[in-house]
1. Please work out if GLY137 is in contact (Cβ under 8 Å) with a residue 40 or more places away in the chain and not aliphatic (A, V, I, L, M).
2. Looking only at segment 151-169, filter to residues that are in contact (Cβ under 8 Å) with a residue 60 or more places away in the chain and part of a loop (DSSP other than H, G, I, E, B); which one of those is farthest from the chain's Cα centre (by Cα)?
3. Looking at segment 97-126 only, could you name the residues that are assigned to a loop (DSSP other than H, G, I, E, B), out of contact with any Lys or Arg (no Cβ under 7 Å at 6 or more places or on another chain) and at pLDDT 75 or above?
4. Pull up segment 23-65, narrow it to residues that are hydrophobic (A, V, I, L, M, F, W, C), at pLDDT 80 or above and part of a loop (DSSP other than H, G, I, E, B), then point me to the one that is surrounded by the fewest Cβ atoms within 10 Å (Cβ to Cβ).
5. In a strand (DSSP E or B), open to solvent by 10 Å² or more (accessible area, probe 1.4 Å) and of a type outside the set (A, V, I, L, M, F, W, C): does that describe TYR200?
6. If you check VAL156, VAL181, VAL168, which single one turns out to be more than 18 Å from PRO123 (Cβ to Cβ) and open to solvent by less than 10 Å² (accessible area, probe 1.4 Å)?
7. Out of curiosity, is ALA138 closer than 25 Å to THR48 by Cβ, under 18 Å from the mean Cα position of the chain (by Cα) and modelled with pLDDT under 90?
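The values are calculated or read from the model by the stated rules, or taken from the named source; none is laboratory data. Since we're looking at a predicted model, the values are computed, not measured. Backbone-built Cβ (ideal geometry, glycine too); neighbour counts: all protein chains shown. When the accessible area is computed, the model is the full protein with side chains, heavy atoms only, and any ligands, DNA or RNA have been set aside. Shrake-Rupley method; radii C 1.70, N 1.55, O 1.52, S 1.80 Å.
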Amino acid sequence: RSMATANAGLVLAPEVTFSYSGGVSLPTMEEEYFQANLGSAADDGDQTSATVAANVTRSGLYVYGYAGSNYVAARFPNILLKKDADVSEARIVLNYRNDYAMANPAYWYDFEVYLDNNAYSQPLTATARNISDRISGATPETQRCRVYPGTAGTEVSCYLTDILKNHVKKSDWQENNAITVVLRSVARNGSTNFEYFHSYESSQSQAPRLII
């Protein structure tokens, strides 16, 4: 809205303010943000080791935290990025389905963040190595994603800015392609308990989402 303010008989220059609802990013003239959501129940899943079948129907994404033994994947269709787009920030957001009720708040899980090697990522299937094979030979983002305790509904973010920026430079990348983000557990501190993030099946509104 625009308004003019009077002061001692003088009219000051118009002032422009913007109002927007919580959770909505306000872009600058140089930046645009968008959120990508899962398209169906076949767009997320977990895999509890490098050789077993992916589970794509579980009511929650299972996290255990043993080094290299657990994978969580989320596929996002229709990514609105042109080839060679300049990505200033990208992150996947997940929500705890259950309380991360660890004995010590300093405990944590570490993940490496990957993207499916293919420029167009296919839906997940309940077949052997369906998630782990997607990142065979891939290079993870340099920065690990560290997840700390939280109660049910707590959001956590893992960043993938650099790898997404490189991904859209691939010769066969096209706008509206689908991508799959894979989190691979690589370390944990102090817990042997498993946790769950929300999946499409447990809560569509709290399922993984991608913010770019």
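1. No; evaluated as a whole, the condition is false for this residue.
2. LYS169
3. ARG97, ASN98, TYR107, ASN118, TYR120, GLN122, THR125, ALA126
4. Only one residue fits best here, namely PHE34.
5. On the way: in a strand (DSSP E or B): no; open to solvent by 10 Å² or more (accessible area, probe 1.4 Å): yes; of a type outside the set (A, V, I, L, M, F, W, C): yes.
The answer is no for TYR200.
6. Exactly one of VAL156, VAL181, VAL168 is more than 18 Å from PRO123 (Cβ to Cβ) and open to solvent by less than 10 Å² (accessible area, probe 1.4 Å), namely VAL168.
7. Values: closer than 25 Å to THR48 by Cβ: yes; under 18 Å from the mean Cα position of the chain (by Cα): yes; modelled with pLDDT under 90: yes.
Yes, satisfied.
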